[in-house]
Every structure is written in structure tokens, then in C-alpha cells.
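Asker: Take a look at the following structure, please.
The values are calculated or read from the model by the stated rules, or taken from the named source; none is laboratory data. What you see is a predicted model, and the numbers here were worked out from it, not measured in a lab. Here the Cβ positions follow ideal geometry from the backbone for every residue, glycine too, while neighbour counts run over all protein chains shown.
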Amino acid sequence: MSQAADLPLWAAIAVSAFLLLGSALALIGTIGLTRLPTFYERLHAPTLGTSWGTGGVVMASMIFFTVTGSRPVFHEILIGIFVTVTTPVTLMLLAQAALHRDRAEGDANVPPSATAGTGAGKEAPAAGTAD
Amino acid sequence: MSVTILYYALTAAHVMLSVAMALALLRMIRGPRAQDRVLGLDTLYVNSMLLLLTFGIGSGRTLYFEAALIIGLLGFVATVALAKFLMRGEVIE
């Protein structure tokens, strides 16, 4: 809190608003992760925290260090870009893995593979039942 | 005045992100299957990264930024490796 004393009022309000927005969205996303009933619904919830949750906190950090340092600070945007780019990749891989495991166990709640019966959809044997 | 506003906003952000980390940990412990645990771990990584960024704003130092960047990178690699393990049964083929 040493540098916050010379922060102008508008900057403090902007930083606080972005901080509260970001952390509230991260909390809402994680509540959804805890409460939604099936895995494929739960997969959507944390993306609240990785899109605007990260965006809000990164924006607050950029405004704070730009105003207190009196020079533009942009390196926080690296985290924002990185998280925005990598989250769809990881969650898509995780969804494919979960779908593969559900199909291997013959779960009736997931649709069958589009290439089933043609032999083209033949994949590696199922992973261990590490529940 | 601005110190007071920032203090209360930072405290609220710390509390909300800590509760979010606890809920992600709850999902990681409760399961019920392996992919739920991996998703909980990924959310835990993201929430701890955001918590470190708010610590950086509170202390006014850029030291926390680098820790947050490294946590983001490691979270990506860990989740991809675990998803590949769930799919194939091994990480490096």
C-alpha cells in the first residue's frame, strides 16, 4: 500500500471496479464448477474465470502500475493473451479424453462415435479405470 | 480516500478468490471421476494465478507478476499432459 497514496481517485475507482469484476466472475465460475450436475456442464463453468475473470484482474493491474509508475506498463497483457489462447485448447483436450473414456465404458448418455462401425474410429485401448 | 477504496476492493478480491480456490479444491477432492479432478486442478491453477496478481497490486511490486506468469504456463502444461494421460494411458509415446 506504499504507492497507493499518490494514486488519483479516478484510478483507484477504476482499479477497484476491474478487480471486483474479475474476482467475482472467477468466484461465480468456480461455484458453477462445484454445483453443476454432469461433467460436460461443469466444463463450461471455469471459462468465466479464464475469460473476463483474468481480463478484469489483468486490466486492474495494468491501470495500477501505469498510473503509479507514470509510464505505460503492458507486460501483464502477456498473461491475458496466454490464458485466452490456451484455455480452449486444454478444455477441448479434456472433453475429448472424457468422451473417449465414457464411450469406452459404454455409457448410454454420450452419443456414439460418428465413424463407429466403419473401422475408421478405431483408437487405442481404454485408459485405466483411475476413478 | 483512494487508499481506503483500494484497500476494501483488494480485501474483497482476496476473499472471493480464496473462496474460489477452496471450491475448486473441493471439486478436486470429491471427484467423482478423474476428469473432474483434472478440471478442478486447472481451475485451482487459474484462481491462484489471479490471487497472485491481486497480491502484486496490493504490494506494488512486480515480483508477483513473474510468479503468476509461471503458474499460468505450468497450469497449461499440466492440464494438457493429464488430459493426454486420460486419453491414451501414457504421456509420452
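Asker: Which residue is surrounded by the fewest Cβ atoms within 10 Å (Cβ to Cβ), if the candidates are limited to the range A:92-112 and must be more than 8 Å from chain B (Cβ to nearest Cβ) and hydrophobic (A, V, I, L, M, F, W, C)?
Answerer: So the residue we want is A:108.
One line per residue, one yes/no per condition, for (1) within 19 Å of residue B:31 (Cα to Cα); (2) at pLDDT 90 or above; (3) touching a strand residue (DSSP E or B) at 6+ places or on another chain (Cβ under 9 Å):
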residue: A:29; (1), (2), (3): yes, yes, no
residue: A:52; (1), (2), (3): no, yes, no
residue: A:57; (1), (2), (3): no, yes, no
residue: A:73; (1), (2), (3): no, no, no
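Asker: Can you tell me which residue is nearest to residue B:20 (Cα to Cα) among those in the range A:29-56 that are of a type in the set (Val, Ile, Thr) and more than 9 Å from chain B (Cβ to nearest Cβ)?
Answerer: Taking the range A:29-56 as the starting set, the residues that turn out to be of a type in the set (Val, Ile, Thr) are A:30-31, A:34, A:38, A:47, A:50, A:54.
If we keep only those that are more than 9 Å from chain B (Cβ to nearest Cβ) too, we end up with A:38, A:47.
Working: A:38: 19, A:47: 13 Å.
For the range A:29-56, the residue satisfying everything is A:47.
Asker: On to the next question. What's the total number of residues in the range B:17-32 that are surrounded by 13 or more Cβ atoms within 10 Å (Cβ to Cβ), more than 18 Å from residue A:53 (Cβ to Cβ) and among the β-branched types (Val, Ile, Thr)?
Answerer: Within the range B:17-32, residues that are surrounded by 13 or more Cβ atoms within 10 Å (Cβ to Cβ), more than 18 Å from residue A:53 (Cβ to Cβ) and among the β-branched types (Val, Ile, Thr) number 0.
Asker: Tell me the residue from A:81, A:63 that is closer than 21 Å to residue B:53 by Cα and loosely packed, with under 14 Cβ neighbours inside 10 Å, please.
Answerer: Values: A:63 fails: loosely packed, with under 14 Cβ neighbours inside 10 Å.
Answer to the check: A:81.
Asker: With the structure loaded, tell me whether residue B:70 is modelled with pLDDT under 95, within 30 Å of residue A:104 (Cβ to Cβ), out of contact with any helix residue (DSSP H, G or I) (no Cβ under 7 Å at 6 or more places or on another chain) and of a type in the set (A, V, I, L, M) or whether it fails that test. First the steps, then the outcome.
Answerer: Numbers: modelled with pLDDT under 95: yes; within 30 Å of residue A:104 (Cβ to Cβ): no; out of contact with any helix residue (DSSP H, G or I) (no Cβ under 7 Å at 6 or more places or on another chain): yes; of a type in the set (A, V, I, L, M): yes.
No; evaluated as a whole, the condition is false for this residue.
Asker: Considering only the range A:1-54, state which residues are surrounded by fewer than 23 Cβ atoms within 10 Å (Cβ to Cβ) and under 11 Å from the mean Cα position of the chain (by Cα).
Answerer: Across the range A:1-54, the qualifying residues are A:43, A:44, A:45, A:47, A:48, A:51, A:52.
Asker: Inside the range A:30-79, can you point out the residues that are in a helix (DSSP H, G or I), in contact (Cβ under 8 Å) with a residue 12 or more places away in the chain and closer than 22 Å to residue A:99 by Cβ?
Answerer: Answer for the range A:30-79, where residues must be in a helix (DSSP H, G or I), in contact (Cβ under 8 Å) with a residue 12 or more places away in the chain and closer than 22 Å to residue A:99 by Cβ: A:32, A:33, A:39, A:40, A:47, A:50.
Asker: Follow-up. For the range B:76-92, which residues satisfy the criterion of being at the interface with chain A (Cβ under 8 Å from one of its Cβ atoms) and within 20 Å of residue A:81 (Cβ to Cβ)?
Answerer: Passing the criteria: B:76, B:79, B:80.
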